[in-house]
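The values are calculated or read from the model by the stated rules, or taken from the named source; none is laboratory data. Quantities reported herein were computed from a predicted structural model and do not represent experimental measurements. Positions of Cβ are backbone-derived with ideal geometry, glycine not excepted, and every protein chain shown enters the neighbour counts. For accessibility, only protein heavy atoms count, side chains too; no ligands or nucleic acids. Shrake-Rupley method; radii C 1.70, N 1.55, O 1.52, S 1.80 Å.
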Amino acid sequence: MKFPQKAVNRFNAKVSITKDCHLWNAAKQKQGYGMFSYDGKSMPSHRFAYLLHKGNISENMVVHQTCENNACVNPEHLELQTKSQNKKNY
């Protein structure tokens, strides 16, 4: 998915890259998931990262962080799963 460079720069400014994870350093939910606003809508930061780096997300799918770090937006740690697959991970 293509985003304006201004939105990409704003997103990247909120990320700290470590040896393993790319950590979201801005607004977070109680559970530790980052939140990012784009085009007047708020969405989980790992979902935006998936859209930015990997493309569209089917309606019945969720973005799962394989590292189990709720603040991680590293595209290498993001994969699509069905909601039922995602629930089995917890």
Item to complete: Per residue of the range 55-60, in order, report the coupling 6.51 cos²θ - 1.76 cosθ + 1.60 (Karplus, θ = phi - 60°) as ³J(HN,Hα) in whole Hz, putting x for Gly and Pro.
Response: x, 5, 10, 4, 4, 8
Item to complete: Could you state the accessible area per residue of the chain in Å², with a 1.4 Å probe and every protein chain left in place?
Response: 64 Å²
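Note down the magnitude of the dipole of the chain about its Cα centre, charges +1 on Lys and Arg C-beta and -1 on Asp and Glu C-beta and zero elsewhere, to the nearest 20 debye. Let's see the in-between values first.
Numbers: 13 positive and 6 negative charges, 50 e Å.
Magnitude of the dipole: close to 240 debye.
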Fill in: HIS22 long-range amide H proximity, modeled H, under 5 Å
VAL73, ASN74
Worksheet item: Going by Cβ distance under 4.7 Å, what cysteines of the chain have no possible disulfide partner?
Response: CYS67
Discussion item. Checking the a/c ratio against 1.5 first, then a/b against b/c, what shape does the Cα gyration tensor give for the range 1-68?
Written reply: rounded
Practice prompt. Return the subset of LYS6/LYS30; LYS2/LYS83; LYS2/LYS28; LYS2/LYS54 for which the Cα-Cα distance in this structure is over 22 Å, preserving the input order.
Written response: LYS6/LYS30; LYS2/LYS83; LYS2/LYS28
Worksheet item: For the charge dipole of the range 1-80, defined by +1 on Lys and Arg C-beta atoms and -1 on Asp and Glu C-beta atoms about the Cα centroid, which residue among MET1, ILE57, PHE11 has the Cα displaced farthest towards the positive pole?
Response: PHE11
Discussion item. Pick from GLU79, GLU68, GLU59 the residue whose mean-square fluctuation is largest in a GNM of the chain, springs joining Cα atoms under 10 Å.
Written reply: GLU59
Response to the item:
Sorted by chain and then number, the residues having a modelled amide H within less than 5 Å of the amide H of PHE36, at least 5 places away or on another chain, are MET43, SER45
Discussion item. Using helices alone, I'd like the mean residue ellipticity at 222 nm for the chain: each DSSP H run of four-plus residues gives -39500 (n - 2.57), total over residue count, nearest 500.
Written reply: -6500 deg cm²/dmol
Worksheet item: Given springs between every Cα pair under 10 Å in a Gaussian network model of the chain, which of GLY40, GLY32, GLY55 has the largest fluctuation?
Response: GLY40
Worksheet item: Per the 1.4 Å probe, what fraction of the accessible area of the chain, in percent, lies on carbon and sulfur atoms?
Response: 47 percent
Worksheet, complete the sentence: Connecting every pair of Cα atoms under 10 Å apart in the chain and solving the GNM, the largest mean-square fluctuation among SER16, SER37, SER58 falls on SER58
